[in-house]
Amino acid sequence: MRTADDRGRGDARLVLTCEHASAFVPPAFASLFAGDRAVLATHRGFDAGALDVARSLARRLRAPLVAGATTRLLVDLNRSPHNPAIFSRWTRPLPSARRAALLARFHAPHWRRVERLLDAAERPVVHVAVHSFTPKLGRDVRDFEIGLLYDPRRPRERAFADRLREALRAHPTELRIRRNAPYRGTSDGLTTAQRERRRARDYLGLELELNQAILRTPAARRRVAAAIADALQAALCASPRQVGSTRSARATRFARAARAARAAGASPRRTRSRSAPARARDAKR
């Protein structure tokens, strides 16, 4: 688990995460992927380019970042523990005790670190989870650069997503942005789980989905991160703080939580009946 330093803290409402940051398999679990190592380098194994963008955002916005350190094919950090999709076809057949050990070792610590930062942040906290998606999945060609995933039923969250979208559209990079694409913002994941635990007035959870076609080189990732950082800053400046918020006390708790997360880690949906096409859209997530 990687947590970025928060020295020179920026907006005390912002928390960044990157659940699918890595394709790494710890040596103790390498045998699970014997003969299938190539899959780890594909979109099934991790979100290519997402970690570089997330780190750049953390530096530019002086915000804390909690990033996963293992492949999603071991255990998916962007799934609730009760979701069967939290395990892949390589880990689902394991005995229940080994699956529980995977959750305890990799999933639970990531969620705890994120939740500590969310608890300590100024209200309303803005949680931005950085992901990337493959330009083509089967016959589905994704002809846009950025997807903003959120819950349209939460007015504050929808309003922030609208401000972010407008700021991105105004940027000279001419990025094409879509709402709740290529996945639904209400599908099971870390932000959806946090919405169920937190009041709408206190928590805004967005997933930032980036087309891997615009993340192919370090220079391209820096350009994308710069555009997103500018847009996030503009959206945050236009977003009202909660009336009665005690900023200094929360900032102190926030800094303590960030330090605790760094010390603990390494440096660097609700279920509803869905149609078959909808299940296919959500399968990659």
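Just so it is clear, none of the values below were taken in a lab; they were calculated from the coordinates. As the structure is a prediction and not an experimental result, all values here were calculated from the model. Methodologically, a virtual Cβ is constructed for each residue, glycine included, from the backbone with ideal geometry; neighbour enumeration extends over all protein chains shown.
Ranked by the mean number of other Cβ atoms within 10 Å per residue, highest first, peptides 229-238, 200-209 order as 200-209, 229-238. Each residue of the stretch 232-237 is assigned a 3J(HN,Hα), and the resulting list reads 5, 4, 5, 5, 5, 5 Hz, derived from the Karplus form 6.51 cos²θ - 1.76 cosθ + 1.60 (θ = phi - 60°), x at Gly and Pro.
The packing ranking of peptides 56-69, 17-30, highest mean first, is 56-69, 17-30, where packing means the average number of other beta carbon atoms within 10 angstrom of each residue. Amide hydrogen proximity for residue 137: with H placed 1.01 Å from N in the peptide plane, the residues at 5 or more positions away or on another chain lying under 5 Å are 142. Compared with the direct C-alpha span, the chain from residue 158 to residue 137 gains 4.8 nm at full extension, assuming 0.36 nm per residue.
With 0.36 nm allotted per residue and the present C-alpha distance subtracted, the residue 169-residue 103 stretch has 19.8 nm of extension available.
Across the stretch 14-97, the mean sequence separation of Cα contacts (distance under 8 Å, 6 or more residues apart), normalised by length, yields a relative contact order of 40 percent. When both bridge partners sit in the stretch 1-157, DSSP labels roughly 35% of those beta bridges antiparallel. Taking amide H positions as modeled 1.01 Å from N, with prolines and chain starts lacking one, the residues under 5 Å from residue 17 and 5 or more places away or on another chain are 66, 128, 129, 130.
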